[in-house]
Amino acid sequence: MRLDPRLPIARSETVMLGGVGLLAFLGLWSGIAASGYVPRSFLPAPWEMIARFAHLLTNSFAGFTLPQHLASSLGRYGMGFGLAIAIGILLGLMMGWFRWLDDVVTPIFDALRFIAPIAWVPFAMIGWWASDLRIVRHESGD
Amino acid sequence: MSRRSLIGLATIGVLLATWYVLTMVTGTIDTGRFPSPDDVWLAAKQVVIKGYANGRLHIHILHSLRLVAMGFLFAISLGVPLGLLMGWSSRAEALINPIFLLVRPVPPLAWIPLAILWLGLGDSAKVMVIFFAAFVPTVINTHAGVRNISSPIIEAARMLGTPRAALVLEVLVPAALPSIFTGLRLALQASWTTLVAAELVGAIAGLGRILNVAQQDLYPGMILVAMIWVAILGWSTTRLLEAIEERALPWLVVRR
């Protein structure tokens, strides 16, 4: 296989090579899982994963079925993301319009920017705000 | 001093003063939830001199720095060559991209349970998670960097009969470097975020360990000290990367 510099290849070849890559990946995964070299509880085979997925659609795990867990995660995600963009866009617009606001807010951001969002979690956990609002708080951080 | 930095200093000053007044004078903020400047000072003194959560501050810092360095370096030493290869060869891209697309959307933190299952609660699990966090942005930006080199540059180099090795080292890599560094900066940020999360789950030492123990002890002063140190380390490693970037790209005077 020659590695020509950025020469475009035919669409059919792209699809073919992509299929080969995916098959090789799945084959390797299945092979390792089926060989028994790694315990099943450490590495399930792809088909076991699919079966488990189908099972979780209707049967509950950790109290809820998979769609219920997804709905709950999506709800939190939506709240945090929605709050962040609602405030962020408004603040950004105003910072662009009023220079003094930019001058005031930017240093605060520069100070907060390097705190990894996750590092806010302990504060959220010791009960800064109630229930789901805590999670919203950390998702909207910087 | 410019107007801008004066306003900046004034803002930070006003914020600190407000913090002092609200926590220590009027008591509007409950110091059980958010620490006063005094609490933070005492916590900082405690962790530096006596130690907290299994060690003194420098032990925790060195531990966290080492994990980030290992995960980050491991990720870029694999990610940059892979990105270069994928950008360079359409065949390699077609072969690898679908697999990469499977890995890419997985948030790095979602690897934590699997990493712990595979590698236990030790350092290698954390390095693995940091690796995934740093690997994805490195590959994406290196790939894009090569893809976006304008074709006439490569065609000219080829027309002049540039040997393959020189084509890679003297044309491809330098032209892709700005984008590669963008990837590295994102990767570094992701590494720190991921490190804190991985250490929060369980660690013997490290800043995440301080955060975790301080949370259980309901010790807001110590939480803030650990957060400040996460920020200091994130900032200084980013500055280090920017210094390397300025040396590596002397022809690009980019002010961000």
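The values are calculated or read from the model by the stated rules, or taken from the named source; none is laboratory data. Quantities reported herein were computed from a predicted structural model and do not represent experimental measurements. When we count neighbours, we look across all protein chains shown, and the Cβ atoms used for this are built from the backbone with ideal geometry, even at glycine. The area values use the complete protein model at the heavy-atom level, side chains included, leaving out ligands, DNA and RNA. Shrake-Rupley method; radii C 1.70, N 1.55, O 1.52, S 1.80 Å.
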Handout entry: Gyration tensor (alpha-carbon) shape descriptor, region B:46-203, a/c threshold 1.5
Key = prolate
Practice task
Take the solvent-accessible surface of the protein heavy atoms, probe 1.4 Å, and return the percent of it on chain B that carbon and sulfur atoms account for.
Solution key: 69
Exercise for the section: Rank these by accessible area, largest first, 1.4 Å probe: B:TRP229, B:TRP251, B:TRP19, A:TRP97. Expected result: A:TRP97, B:TRP251, B:TRP229, B:TRP19
Completion exercise
Rounded to the nearest Å, the spacing of the alpha-carbon centers of region A:49-112 and region B:225-254 is 27
Handout entry: Total formal charge among the other residues, if their Cβ is under 12 angstrom from that of A:VAL20, Lys/Arg +1 and Asp/Glu -1
Key = 0
Fill in the blank from the handout: Whole-percent carbon and sulfur contribution to the accessible surface of region A:1-107 (1.4 Å, no ligands, DNA or RNA) stands at 75
Practice task
Please give the per residue accessible area of the protein assembly as shown, computed with a probe of 1.4 Å over protein heavy atoms only, in Å².
Solution key: 55
Handout entry: B:ARG66 versus A:ILE87: modelled label distance in nm, points set 7 Å from Cα along the beta carbon direction
Key = 3.8
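Give me the net charge for the shell around B:THR142: Cβ to Cβ below 15 angstrom, other residues only, Lys and Arg +1, Asp and Glu -1. Walk me through the intermediate numbers first.
On the way: positive: A:ARG6, B:ARG104, B:ARG147, B:ARG185; negative: B:GLU93, B:GLU245.
Result for the neighbourhood of B:THR142: +2.
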Problem - Cα-based shape type of chain A, given that a ≥ b ≥ c are square roots of the gyration tensor eigenvalues and the cut on a/c is 1.5 - result: oblate
Problem - Spacing of the two label points (7 Å from each Cα toward its C-beta) at A:LEU70 and A:TRP97, in nm - result: 4.0
Completion exercise
Each residue of B:5-13 has, on average, a number of other protein chain C-beta atoms within 10 Å of its C-beta equal to 4
Practice task
Work out which residues of region B:146-174 lose at minimum 30 square angstrom of accessible surface when the other protein chains are put back, relative to the chain isolated, with a 1.4 angstrom probe, and list them by number.
Solution key: B:ARG158, B:ARG164
Completion exercise
With -39,500 (n - 2.57) per DSSP H segment of 4 or more residues and division by the full residue count of chain B, the 222 nm estimate, nearest 500 deg cm²/dmol, is -24500 deg cm²/dmol
Practice task
Measure out, as a whole number of angstrom, how far apart the alpha-carbon centroids of region B:130-186 and region B:67-92 sit.
Solution key: 11
Handout entry: Relative contact order (percent, whole number), chain B, Cα cutoff 8 Å, 6+ residue spacing
Key = 24
Fill in the blank from the handout: With every protein chain in place, the residues of region B:211-234 shedding 20 Å² or more of accessible area versus the chain by itself (probe 1.4 Å) are B:LEU211, B:GLN215, B:LEU218, B:ILE223, B:MET227, B:VAL230, B:ALA231
Handout entry: Residue (of B:LEU240, B:VAL139, B:TRP111) at the positive-pole extreme of region B:33-248, dipole from beta-carbon charges
Key = B:TRP111
Fill in the blank from the handout: Per the C-alpha gyration tensor (a ≥ b ≥ c, the square roots of its eigenvalues), region B:112-222 is rounded if a/c is under 1.5, else prolate if a/b beats b/c, else oblate; here it's prolate
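How do B:VAL25, B:VAL47, B:VAL171 stack up against each other in accessible area, from largest to smallest, with a 1.4 angstrom probe? Kindly include the intermediate steps, with their values, before the conclusion.
Values: B:VAL25 100, B:VAL47 0, B:VAL171 30 Å².
Output order, biggest surface exposure first: B:VAL25, B:VAL171, B:VAL47.
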Problem - J(HN,Hα) series, region A:67-74, from Karplus relation 6.51 cos²θ - 1.76 cosθ + 1.60, nearest Hz, glycine and proline x - result: x, 5, 4, 4, 4, 5, 5, 4
Exercise for the section: Could you rank B:LEU73, B:LEU160, A:LEU91, B:LEU188 by how accessible they are, 1.4 Å probe, largest area first? Expected result: B:LEU160, B:LEU73, A:LEU91, B:LEU188
Completion exercise
Output row A,B: buried area (accessible, probe 1.4 Å, summed both chains) in Å², nearest hundred, equals 4200
Handout entry: Heavy atoms of B:THR238: accessible area, 1.4 Å probe, square angstrom to 10
Key = 10
Problem - Tilt relative to chain A, helix A:11-35 - C-alpha long axis, 0 to 90 degrees, to 10 - result: 80
